[in-house]
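Working notes, structure below.
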Amino acid sequence: MSELYKERQYIIRIVFALAAIVLIGKALHLQLFDQSIQSRAQTSAVQKKILYPSRGLIYDRNGELMIFNDPIYDLMVTYKQLDPKMDTAFLCEILEIDKATFNKQIEKNWKSHLYSKSVPFIFQKKISNETYARLQESLYEFPGFSIQNRIIRGYPDTVGAHLLGYISEVNQKQIDQNKGVYSLGDYIGRTGLEGTYEDYLRGRKGMKYLLKDNLGRVVGPYQDGTLDSAAISGKNLITSIDLELQRYAESLMQNKRGSVVALEPNTGEILTLVSAPTYDPNLLVVNNKRGKIFQDMMKDTLKPFFNRAVGAKYPPGSLFKPVVALIGMQEGVWYSTKGVSCPGYYTNVNHTMGCHAHQYPSNVSIALQHSCNSYFLTLFREIIDKDGYHSPEKGLDRFNAYLDAFGLGKPLGVDYLGEKKGSLPTTNLYNRMYPNGRWRSPTIISVGIGQGEIEMTNIQMANLAAIIANKGFYYRPHLVKGYENDTTQIDLKYRTTNTVPIDPVHYQPIINGLERVVTMGTARSAYTPGIKVCGKTGTAENPHGADHSIFYGFAPKDDPQIAIAVYLENSGFGGSFAAPIASLIIEKYIKKEIPEGFRKDLEVRMVNTNLLSVP
């Protein structure tokens, strides 16, 4: 019996020893190897304080500031550090809230992973400077509360809203897509340059680790600050925009619908980009009034957020005629000295298209001068029918290959979010529109004068003017020249030449014609003393209301410094408003001022003209 007892005692001792070994092993594993346990222990002992970087500033091409940083203050609270005896009524008075709001903002779903009683969370966002000043004096009276400084955007001027864009708080989807980059309450560039160059502007957060005692009070830096990291500011952008010219162009476009795009032809740098109606970017600074203002603007029927310069698709009208002429001459179906009889109209089967009363267009330059529809409709048919009247598909496909080289029918790749591509009159489109191939050159003839199934954005039209000015090449239009005190180069695609496969010799008669348009043709309202302006007016038919007024051009003729396109919705003939506005912007850029006399009178008239009431 005693032997049996001893044997059982021995077994029990072994079991206890094994259990002790298991427990010791588990404790060693938890203490030395299980990182999750270490992390949880550290969380209760160490507070991570995010250091927010300064967002990159944005300058114009001349170093004038367009966007700066403004500090905002969030009131933070750590639940475990709250003192029940604290004078909450006084705090509510400072914050201008009632006790019910106070309780609502203090109590959180503690079971949620979003909040912890020992980790600071936002009690009130974006407190005013006045509130911040009052809190600074009395913050010691409110244990558990602290102030976190963050940076938002400010604008020294009232222009450039569309091109600059705005920032807004990140949503959960953006947080998930950019793991570790953003957290709740962070801001992200939403539109314009703020959105396109977000990765460069936002900078990188820093982190400060603070040691806390068992009551959650900060007692000093963790590990003497060896784990801390400094915030790295975002890069400062140097844009291609001429801010003075931007102000001027926006003043001319007030109370109008449309857009202006001006480029430097030999670089593709955008000098001004205006969409009208616009808005003051200061309206969307981050504050407590922003939400209502944003909603009101979203409901505005004039669509102030819509960037018509890159997002609206329009028929180019007669601005398309120089392109048709260049393609015809390159294809060998036309020559620059060819004339076409024009009785004042062009008859197409049973349909007649009108034309202006003008002299005989004995060559392409004179045809452009008077914008002769008969001339360019005839030319267009020659291109489409090169392989025969019954093979329009081949001619149209070749025609569209040239349009693709001109940067049409696709986004140009501007460094701006939301650029549209326009549309081209393809064979696939017409085969769907006219089953069994029942279409020929007369069916699609309106394309030859920029109507029908062709659409462009205004930035594409400005780029066409730059191509003609350069006699056959362009750089992709872009808004950023580089980065301040930084060797980082802009994207290679903005430094690469794009060549149109048309012999440069064909451009000179086109350029001569565009000069005649301004000096003695349809754009005499764009004539500018002392500057040789070359340009083309257009009047695009609008089935929904008054026609659109269009102009594109460049200057000076022999040394182009600026290419421009102006598109005014519902404002009639191209020479009425688009051409004079373009000429004033050209003169302002080249001469820096508008002289007294008839040019100053024209400026006053353009500024004061209100076209918003036109249907």
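Just so you know, all these numbers are worked out from the coordinates, no wet-lab data involved. Only a predicted model underlies this, so the values are computations on that prediction, with no experimental measurement involved. Virtual Cβ from ideal backbone geometry, glycine too; neighbours counted across all protein chains shown.
Listing for the model above:
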| quantity | calculated |
| --- | --- |
| Calculated from backbone phi, Karplus (6.51, -1.76, 1.60) coupling profile of region 174-181 in Hz, x at Gly/Pro | 5, 5, 5, 6, 10, 4, x, 8 |
| Nearest-0.05 FRET efficiency for Tyr279 and Val604, computed from C-beta distance (R0 25 Å) | 0.55 |
| Full-extension gain in nm, Val219 to Glu244, via 0.36 nm per residue minus C-alpha separation | 3.7 nm |
| Value of [θ]222 nm, deg cm²/dmol, for the chain, DSSP H segments ≥ 4, -39500 (n - 2.57) each, nearest 500 | -10000 deg cm²/dmol |
| Nearby lysines by direct alpha-carbon distance to Lys256 (threshold 19 angstrom, same-chain neighbours under 8 apart not counted) | Lys299, Lys303, Lys313 |
| Stretchable slack from Asn431 to Phe68, in nm (0.36 nm times residue separation minus alpha-carbon distance) | 125.3 nm |
| FRET efficiency estimate (nearest 0.05) - Cβ-Cβ, Glu484 to Val22, R0 60 angstrom | 0.45 |
| Gain upon complete extension [Thr226, Lys108; 0.36 nm per residue less C-alpha separation] | 39.2 nm |
| Given charges at beta-carbon only (K, R positive; D, E negative), |dipole| of region 253-299 in Debye | 400 debye |
| Semi-axis lengths (Å, descending) of the ellipsoid that matches the C-alpha gyration tensor of the chain | 66, 31, 21 |
| Amide proton proximity set for Asp415, modelled H, under 5 Å, gap of 5+ | Leu479 |
| Fewest-first ranking of Leu135, Leu75, Leu211, using other Cβ atoms within 10 Å as the exposure measure | Leu211, Leu135, Leu75 |
| Electrostatic dipole magnitude of region 117-269 [Cβ: Lys, Arg +1; Asp, Glu -1; Cα centre; debye, to 20] | 540 debye |
| Kyte-Doolittle mean at least -0.5 and Cα axial length at least 24 Å: DSSP H helices in the chain | 2-28 |
| Residue order, fewest to most surrounding Cβ atoms within 10 angstrom, among Met606, Met520 | Met520, Met606 |
